[in-house]
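A.B. asks: Below: one structure in structure tokens.
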Amino acid sequence: MNTIKSFLTTILIVVTVVACTKSQNKKLALNTNSTALTIDEKVDQLISMMTLEEKIGQMNQYNGFWDVTGPAPSEGHEAKKYDHLRKGYVGSMLNVRGVNDVRAVQKIAVEESRLGIPLIIGFDVIHGYKTLSPIPLAEAASWDLEAIKKSSEVAALEASAAGINWTFAPMVDISRDARWGRVMEGAGEDAFLGSKIAEARILGFQGNDLSKNNTIAACAKHFAGYGFAEAGKDYNTVDVGTSTLNNIIFPPFKTSVEAGVKTFMNSFNELNGVPATGNSTLQRKILKDKWNFDGFVVSDWGSIMEMIAHGHAKDLKQAAEISANAGSDMDMESYAYVSELADLVREGKVSEEFINDAARRILKVKHELGLFDDPYKYCNLEREKEVIGSSEINEVVLDVAKKSIVLLKNENELLPLKQKNQKIALIGALASDKTSPLGSWRIAADDNTAISVLEGMQKYSGNKLTYAKGTDVALGKIGFPFELEINTNDKTEFNEAIDIAQEADVVVMVLGEHGFQSGEARSRTKIGLPGVQQELLEAVYEVNKNIVLVLNNGRPLTITWADRHIPSIIEAWQLGTQSGNAIAQILYGDYNPSGKLPMTFPRSVGQIPIYYNYKNTGRPTTDNPNIVFWSHYIDESNTPLYPFGHGLSYTNFSYSQLKVKAKGKNQIEVSVVLANTGNYKGKEVAQLYIRDLFASVTRPIKELKGFKLVELAPNETKAITFKLTEKELGFYNNEGVFIVEPGNFKVFVGGSSDTVLEEDFSLK
Ligand code: NOJ
């Protein structure tokens, strides 16, 4: 059987090579027609036809000619890029978008190169393409895996209609540092929640059939440790121990592999002294060998070349050698592989087997995407027109935007607002801003395309609505790649805001960060309200205390004064295209808030890193005021401003009857009764945490191990059950081995990580 197959394969290769020399157009048709072969066989067939340079070409990714999402390359590369496309020395391009432009570069690769191998077209579809969903941190606050999956599904739908077939998302980096601007792009601080969200997003992007024209390949990034940059400064050094690496940083990546993610991106940072890009323990030993990842790894932008600055490689040639040997399969914008790898192979410094392996992985994903069947399958102008900005997509992003909002505080039931006969003053530059709500990472979305809060509220015409800006958030040019300039200190419009506040029954103030104050390279040391917005808030408070503060931000903020004084606070992040509609529906009670924080809000920057799953220490928190020598600050509380998992509703939920039952060896069933004791129908995220009291490697004081989204009508009660198995009860030891240790545990269930109900159980 095998002999017949290899005979047929040889015939096919001969026929293909002859055909290639005869007619360029027949090249692909031949590949397409060889349906008798599996994808692996087709890839092997192709590999055997390729020169060393062509195989290395597959490992080379160039940026397009217009957008940049990293340091722009020096002049003179344009001509070289076209030349390399023609020679078959380019496997992928990023930042080429739109059917016409994608078709143009694809045409060169397919019709002008010797073998006609199609390009894979990558793009940062982080929270949508042109119609934007909330930033990922906001979406994570929904804890609604179905809504998150749907949001990635429509992002894939829109991006694929614009010619794109590969997104550099999801970012699955865990972070505990709100100073790091990229927290906006992840799912927050928790590995369990982060893993569930990673899976939902990958399934959303890739669907269950990657060869369809509305699904795209996903990319789990940045492998690994990028979210632990020292002091929250982007690209900074990362030095973490094995326990944190195995139990906090790795799980969402491992889950991504299990969810079938097709690609990984490595990271800019060094990890314990070795840059991730040149780290073979990470990429070969753990990712490819231990986890059996069979997709490919792309470097981050220029991260191969950056190993020189890291002090790990002496020049570009050595950087290429180290990263290729370490398992970085594709070079994004370092120009290192295309210029150095062939010589390195000839000199015996990089084995050709590594090159074959990398090219094989890349070609396989291209096959799975169906690009060999039809390289232009994503290039349909009519479909592009029809799909982008469609009402179906807008409905989905509105739905997830509402679900992403977190009610942080609501005293005296100031919210929801009445829909009639109230005088409402709306204040804040962000309230009328139609660009900032789009958030960071929105390269394809146009300025001024978000619904503003002002527009959203104007739809509720039963009230008298007045608006004043009060002050700007920021001065200067805002927009990638320009740096956001310093915040304004202009208070000349304060009086107008104070005047309308004086006349109002309720004041709604939309304050916070501009959309470009978080994101890549946007680390901050001060994370209060930027500019003079805090002063504006206090000035308005002097004349009217009925304030609803609507926060717009890409990271947790230190809003301690607001928490002390302002009766109602809504965390509305940057919610994307439908932002203003979502916020208005929450304010007026047409949607009852159900979001919960995916990241702890600190009281002050000095508390960072602050996270709910900390270790007890040998000198834990105490209520005894006479004890001096314990782990604490003398000028700040140990507690956060708002804990992980916190989020209120217009109704009230109560938890009772927590019970634990052993169901077989290391199988535990936990049940609790949840009741809606308030006046509104609402959704609650019931959260389950465990604590392993004694272990060979100390465990955190609480770890999220389950959650359920439950909807209840007023006075309705539901019993909820959770199952705990070895998967939830074990942990990774310092050798990276997953173990389950017998002993005593606690289980906690409630509406935040600050839960009150607890029970004990033990594992034999
Ligand atoms: C650099 C970022 O770190 C990465 O996440 C992104 O995908 C690439 N640039 C491409 O834009």
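A.B. asks: May I ask you to say which residue of Ala156, Ala169 is open to solvent by less than 10 Å² (accessible area, probe 1.4 Å), of a type in the set (A, V, I, L, M, F, W, C), touching a residue at least 12 places away in the same chain (Cβ under 8 Å) and part of a loop (DSSP other than H, G, I, E, B)?
C.D. replies: Ala169
A.B. asks: Still on this structure: Residues in the stretch 91-104: is at least one within 16 Å of the ligand (Cβ to nearest atom) and touching a Lys or Arg at 6+ places or on another chain (Cβ under 6 Å)?
C.D. replies: Taking the stretch 91-104 first, the residues within 16 Å of the ligand (Cβ to nearest atom) are 91-97.
Okay, now just the ones that are also touching a Lys or Arg at 6+ places or on another chain (Cβ under 6 Å), so none.
No; the residues of the stretch 91-104 include none that is within 16 Å of the ligand (Cβ to nearest atom) and touching a Lys or Arg at 6+ places or on another chain (Cβ under 6 Å).
A.B. asks: Which condition does Lys285 not pass, out of (1) away from the ligand (no atom under 16 Å from the Cβ); (2) in contact with a strand residue (DSSP E or B) (Cβ under 8 Å, 6 or more places away or on another chain), if it passes all the others?
C.D. replies: It is condition (2) that Lys285 fails.
A.B. asks: Looking at (1) more than 16 Å from the ligand (Cβ to nearest atom); (2) at pLDDT 95 or above, which is the only condition Gly76 fails?
C.D. replies: (2)
A.B. asks: For the stretch 377-392, which positions are among the aliphatic types (A, V, I, L, M) and open to solvent by 30 Å² or more (accessible area, probe 1.4 Å)?
C.D. replies: Scanning the stretch 377-392 gives Leu381, Ile388.
A.B. asks: Also: Could you give me the residue pairs with C-beta distances under 6 Å whose first residue belongs to the stretch 218-237 and is within 22 Å of Phe123 (Cβ to Cβ) and within 11 Å of the ligand (Cβ to nearest atom), whose second residue is open to solvent by 20 Å² or more (accessible area, probe 1.4 Å) and among the polar types (S, T, N, Q) wherever it lies, and which are 6+ apart or on separate chains?
C.D. replies: Asp234/Ser523
A.B. asks: Taking the stretch 560-589, which residues are open to solvent by 20 Å² or more (accessible area, probe 1.4 Å) and without any contact (Cβ under 8 Å) to a residue 40 or more places away in the chain?
C.D. replies: Hits for the stretch 560-589 are Trp561, Arg564, His565.
A.B. asks: Within the stretch 747-764, does at least one residue satisfy the condition of being without any contact (Cβ under 8 Å) to a residue 60 or more places away in the chain, closer than 21 Å to Gln657 by Cα, crowded, with 17+ Cβ neighbours inside 10 Å and not charged (D, E, K, R)?
C.D. replies: No, every residue in the stretch 747-764 fails to be without any contact (Cβ under 8 Å) to a residue 60 or more places away in the chain, closer than 21 Å to Gln657 by Cα, crowded, with 17+ Cβ neighbours inside 10 Å and not charged (D, E, K, R).
A.B. asks: Considering only the stretch 530-545, I want to know if a residue exists there that is in contact (Cβ under 8 Å) with a residue 40 or more places away in the chain, under 17 Å from Gly456 (Cβ atoms) and in contact with a Ser or Thr (Cβ under 6 Å, 6 or more places away or on another chain).
C.D. replies: No, because not a single residue in the stretch 530-545 is in contact (Cβ under 8 Å) with a residue 40 or more places away in the chain, under 17 Å from Gly456 (Cβ atoms) and in contact with a Ser or Thr (Cβ under 6 Å, 6 or more places away or on another chain).
A.B. asks: Would you call Asn592 open to solvent by 10 Å² or more (accessible area, probe 1.4 Å), touching a Gly at 6+ places or on another chain (Cβ under 7 Å), at pLDDT 95 or above and assigned to a loop (DSSP other than H, G, I, E, B)?
C.D. replies: Taking the combined requirement at face value, the residue satisfies it.
A.B. asks: If you go through the stretch 292-317 one residue at a time, how many are touching a helix residue (DSSP H, G or I) at 6+ places or on another chain (Cβ under 8 Å), more than 15 Å from the ligand (Cβ to nearest atom) and part of a helix (DSSP H, G or I)?
C.D. replies: Residues in the stretch 292-317 being touching a helix residue (DSSP H, G or I) at 6+ places or on another chain (Cβ under 8 Å), more than 15 Å from the ligand (Cβ to nearest atom) and part of a helix (DSSP H, G or I): 4 in total.
A.B. asks: Quick one: in the stretch 349-376, of everything that is surrounded by fewer than 19 Cβ atoms within 10 Å (Cβ to Cβ) and more than 21 Å from Ser328 (Cα to Cα), which residue is nearest to the chain's Cα centre (by Cα)?
C.D. replies: Within the stretch 349-376, the match that is nearest to the chain's Cα centre (by Cα) is Tyr376.
A.B. asks: So the check is Cβ under 6 Å with 6+ separation or different chains; which pairs have a first residue in the stretch 665-685 that's without any contact (Cβ under 8 Å) to a residue 24 or more places away in the chain and a second one that's buried (at least 17 other Cβ atoms within 10 Å of the Cβ) and in a loop (DSSP other than H, G, I, E, B)?
C.D. replies: Hits for this filter: zero, empty list.
A.B. asks: What are the residues in the stretch 441-454 that are part of a loop (DSSP other than H, G, I, E, B) and open to solvent by 10 Å² or more (accessible area, probe 1.4 Å), if any?
C.D. replies: Trp441, Arg442, Ile443, Asp446, Asp447, Asn448, Thr449, Ile451, listed by residue number.
A.B. asks: Does the stretch 20-37 include one or more residues that are at pLDDT 95 or above and out of contact with any helix residue (DSSP H, G or I) (no Cβ under 8 Å at 6 or more places or on another chain)?
C.D. replies: Within the stretch 20-37, none of the residues are at pLDDT 95 or above and out of contact with any helix residue (DSSP H, G or I) (no Cβ under 8 Å at 6 or more places or on another chain).
A.B. asks: Report, ordered by the first and then the second residue, all pairs with beta carbons closer than 8 Å, sequence separation of six or more or different chains, a first member in the stretch 332-345 that is more than 12 Å from Glu321 (Cβ to Cβ) and within 16 Å of the ligand (Cβ to nearest atom), and a second member that is β-branched (Val, Ile, Thr) and open to solvent by less than 20 Å² (accessible area, probe 1.4 Å).
C.D. replies: Met332/Val298; Ser334/Ile304
A.B. asks: Filter the stretch 449-489 down to the residues that are at pLDDT below 80 and aliphatic (A, V, I, L, M) and list them by number. So that I can check it myself, show each step before the final result.
C.D. replies: Of the stretch 449-489, the ones at pLDDT below 80 are 474-488.
Listed by number, the residues that qualify are Ala474, Leu475, Ile478, Leu484, Ile486.
A.B. asks: Can you tell me which residue is nearest to the ligand (Cβ to nearest atom) among those in the stretch 238-256 that are surrounded by 21 or more Cβ atoms within 10 Å (Cβ to Cβ) and aliphatic (A, V, I, L, M)?
C.D. replies: That would be Val238.
A.B. asks: Give me a count of the residues in the stretch 260-282 that are away from the ligand (no atom under 12 Å from the Cβ), of a type in the set (Val, Ile, Thr) and under 20 Å from Ala319 (Cβ atoms).
C.D. replies: 2
A.B. asks: In addition: In the list Ala141, Ala104, which residue meets the criterion of being within 30 Å of Phe644 (Cα to Cα) and hydrophobic (A, V, I, L, M, F, W, C)?
C.D. replies: The unique qualifying residue is Ala141.
A.B. asks: Among the residues of the stretch 700-708, are any surrounded by fewer than 20 Cβ atoms within 10 Å (Cβ to Cβ) and more than 27 Å from the chain's Cα centre (by Cα)?
C.D. replies: No: the stretch 700-708 contains no residue that is surrounded by fewer than 20 Cβ atoms within 10 Å (Cβ to Cβ) and more than 27 Å from the chain's Cα centre (by Cα).
A.B. asks: Can you give me the number of residues within the stretch 47-102 that are within 25 Å of Ala162 (Cβ to Cβ), of a type in the set (D, E, K, R) and surrounded by fewer than 18 Cβ atoms within 10 Å (Cβ to Cβ)?
C.D. replies: So the answer is 3.
A.B. asks: Being surrounded by fewer than 12 Cβ atoms within 10 Å (Cβ to Cβ) and not aliphatic (A, V, I, L, M) is the filter here; which residues of the stretch 618-636 pass it?
C.D. replies: Gly618, Arg619, Asp623, Asn624, Pro625, Asn626, Phe629, Tyr633, Asp635, listed by residue number.
A.B. asks: Please indicate, with yes or no, whether at least one residue in the stretch 393-413 is in contact with a strand residue (DSSP E or B) (Cβ under 7 Å, 6 or more places away or on another chain), farther than 17 Å from Met509 by Cβ and either surrounded by fewer than 19 Cβ atoms within 10 Å (Cβ to Cβ) or basic (Lys, Arg) (or both).
C.D. replies: no
A.B. asks: For the stretch 183-206, which positions are assigned to a helix (DSSP H, G or I), touching a strand residue (DSSP E or B) at 6+ places or on another chain (Cβ under 7 Å) and within 16 Å of the ligand (Cβ to nearest atom)?
C.D. replies: Glu185, Ala198, Phe205 - these are the residues of the stretch 183-206 that are assigned to a helix (DSSP H, G or I), touching a strand residue (DSSP E or B) at 6+ places or on another chain (Cβ under 7 Å) and within 16 Å of the ligand (Cβ to nearest atom).
The values are calculated or read from the model by the stated rules, or taken from the named source; none is laboratory data. All values derive from a computational prediction rather than experimental measurement. Virtual Cβ from ideal backbone geometry, glycine too; neighbours counted across all protein chains shown. For the accessible areas, the whole protein counts, side chains as well, though only heavy atoms, and no ligand, DNA or RNA atoms are used. Shrake-Rupley method; radii C 1.70, N 1.55, O 1.52, S 1.80 Å.
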